[in-house]
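What follows is one structure encoded as structure tokens, with my remarks underneath.
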Amino acid sequence: RSLGWMSDTATPLLERAAAAPPTIILDCDPGHDDAIAIVVAARHTNLLGIATVAGNAPLDRTTRNAIIVRDMLGIDVPVHSGAERPLVAEPKHAGHIHGESGLDGADLPEPSGPADGIDAVGYIIETCRSTEGVWLVPVGPLTNIALALRSAPDLARRVAGISLMGGGSFGNRTAVAEFNIWADPEAAAAVFAYGGPLVMSGLDLTHQFQATPERIESIRVLPGRLAATFADLFVFFSRTYVGRHDSLRGAPVHDPCAVLALSHPRLFGLREAHVTVETAGVHTRGMTVIDNRRLLERSAPNCTITESVDADAGFEIITESIAHFSR
Ligand code: RIB
Ligand code: CA
């Protein structure tokens, strides 16, 4: 696969990740696409734990939703709640996309109980210090990850890497800023500067990965209550997205891409580039500034960018993952 004019060091990194199921901590703000990321992670990774962060909805909601999804899958994975607000920015949510609950559109069960812990940052630090080769997979604002790296700088050398959903060459909350980065730019700037292996799945990629009506139907026809619930969630998520865009056939299923980049790297076209985050711009705060220059003196790459995806194959993995847990 062509890596364009950039080095192809990314492939060995991600190939190693997929050699065996990657060991991960999923940090999320469920969120419809976060819920799908939990299903794919449960099916195709060694999912050590789920950390929650405020983002699509307030922390109590994203935590409740993560517990509900964990329960529906019947998996024994702890949920630890984390930051209820960004490092510096004022809290912002996305009720217009995910609904006030953060997971509107389906008849969901009550959570089986409270979170297993209320210190996701401490959980991330302890787990990465006691377990070799952990990938951090943040698919919401990067507050927890930034706090963990600040409290435990040794994590930068201990983790296998960070595979995140966020950023891109265009935005969805402003012309240039994608929600996860925009919600906490200071945290994102710290994560992009952490110095270890970093994989970014941004909007340029995720908009290629849409929950079209045909793909939702492939979930609807599966047996079991879980499949019916996820089909309903997809319908709600796609309705809000298609209604707000002039050229989408379904909601971009953003967050599973950050998991699939580790579990199924051959689905993706990759390239390396230098990416940093704008925190001060009046019009550009929360922008991922990607150095695409062909100038030899360009900044050295710090990030592997997933830039294309075999969407049909990727969605088949989502459908099979839901089928696996749907009884
Ligand atoms: O911009 C898309 C991202 O923001 C996704 O992670 C979605 O869940 C929301 O958090
Ligand atoms: Ca998310």
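Please treat every number below as a calculation from the coordinates, not as lab data. For clarity, every value in this text was computed on a predicted model and none was experimentally measured. All Cβ positions, glycine included, derive from the backbone under ideal geometry; neighbour counts span all protein chains shown.
Some observations on this one:
- Percent of Cα pairs exceeding the 25 Å cut-off, where the set is the stretch 191-317: 37 percent
- Mean ellipticity per residue at 222 nm, deg cm²/dmol - from DSSP H runs of n ≥ 4 across the chain, formula -39500 (n - 2.57): -12000 deg cm²/dmol
- The shape of the stretch 38-130 comes out oblate: with a ≥ b ≥ c from the C-alpha gyration tensor, a/c is at least 1.5 while a/b does not beat b/c.
- Treating r as the C-beta distance of residue 96 and residue 154 and R0 as 51 Å, the FRET efficiency rounds to 0.80.
- Note on the stretch 66-106: with charges restricted to the Cβ of Lys and Arg (+1) and Asp and Glu (-1), its dipole about the Cα centre is near 120 debye.
- For the chain, the ratio of Cα radius of gyration to the globular rule of thumb 2.2 N^0.38 Å stands at 0.90.
- Legend: helices of the chain (whole DSSP H runs) are marked when their alpha-carbon atoms reach 20 angstrom or more along the helix axis and their mean Kyte-Doolittle hydropathy is at least 0.0; marked are 225-244, 311-325.
- Taken about its Cα centre, the stretch 55-200 carries a charge dipole of about 480 debye when Lys and Arg each add +1 at the Cβ and Asp and Glu each add -1 at the Cβ.
- The charge dipole of the chain, taken about its Cα centre with unit charges on the Cβ atoms of Lys, Arg (+1), Asp and Glu (-1) only, comes to about 420 debye.
- Per residue, the average separation of C-alpha pairs within less than 8 Å and at least 6 apart gives the stretch 17-162 a relative contact order of 28 percent.
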